[in-house]
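The values are calculated or read from the model by the stated rules, or taken from the named source; none is laboratory data. Every value quoted in this text rests on a predicted model; they were computed, and no experiment measured them. Here the Cβ is made from the backbone with ideal geometry for all residues, glycine too, and neighbour counts use every protein chain on show.
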Amino acid sequence: MTEPVAWRIEDVSETLGWRYSTLKPITKGYEPLYIAEDLSPRVKMTQKQYKEWQSVISSIYPVNLYELFNLVFNATEHHGEYAGMRDIFSFDEGQKELAQLWSDFDPDNPDETIEIIPTMKWFVVSKEANKRSGNYNTIFSLDISDTNGIYRELSYDQIGRYAYQFDTKEEAEKWTNPLTEAVQLPVEDE
């Protein structure tokens with residue numbers, strides 16, 4: 001959960017009812033009012049969806065909202081492009097959110113309106129690191145013919161880039177043994 005940016009406490013000594021503060025309270029009794037996300041919510045997108053958003057914006061910006069809706073929601077006319085945008089903004093409920101993003105979006109400060117969330121995948125990793133190298137033994141590729149994985153030692157930050165990726169936890173758990181476990185880590189999008 002995100003840390004609150006304002007708190008309130010009931011003021012029993014005064015007739016004001018509530019006291020408000022933007023300073024983090026040091027005593028008990030304060031309740032959080034809101035978090036920064038409440039003030040200016042950001043649309044969550046993967047890196048791939050963000051690249052689609054940049055493509056949409058560069059193709060029409062700043063023409064009009066009608067053209068934006070046509071690009072995103074008219075899949076047949078645009079040969080199925082912008083599927084990632086349709087995943088975020090459904091035709092029925094997402095139009096208002098898409099319109100809000102389009103009106104608030106500042107190409108010079110995209111972080112104010114868009115939050116990039118990492119794509120997560122599952123990996124099979126040794127439970128303990130190698131004592132000498134500090135690296136983890138992980139499945140690097142699969143050899144389906146004899147149901148053995150080909151293992152390689154990788155540092156923890158290399159796993160998301162080089163190790164074999166599973167889409168679901170169940171798939172990864174099929175390849176675990178008593179010395180390994182399935183872990184979910186962020187991966188770099190192309």
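Annotations for the structure displayed:
- Residues in region 142-186 that are part of a strand (DSSP E or B) and either at pLDDT 85 or above or outside the structural domain of SER126 (by TED's automatic domain parsing) (or both): PHE166, THR180, GLU181, ALA182, VAL183, GLN184, LEU185, PRO186.
One line per residue, one yes/no per condition, for (1) surrounded by fewer than 11 Cβ atoms within 10 Å (Cβ to Cβ); (2) within 11 Å of VAL125 (Cα to Cα); (3) aliphatic (A, V, I, L, M); (4) touching a residue at least 60 places away in the same chain (Cβ under 8 Å):
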residue: ILE150; (1), (2), (3), (4): yes, no, yes, no
residue: SER155; (1), (2), (3), (4): no, yes, no, no
residue: ILE159; (1), (2), (3), (4): no, yes, yes, no
residue: GLU171; (1), (2), (3), (4): no, no, no, no
residue: TRP175; (1), (2), (3), (4): no, yes, no, no
residue: THR180; (1), (2), (3), (4): no, yes, no, no
residue: VAL183; (1), (2), (3), (4): no, yes, yes, yes
residue: VAL187; (1), (2), (3), (4): no, no, yes, yes
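- Matching option when the condition is over 19 Å from VAL187 (Cβ atoms), among the charged types (D, E, K, R) and at pLDDT below 85, among GLU97, GLU128: GLU97
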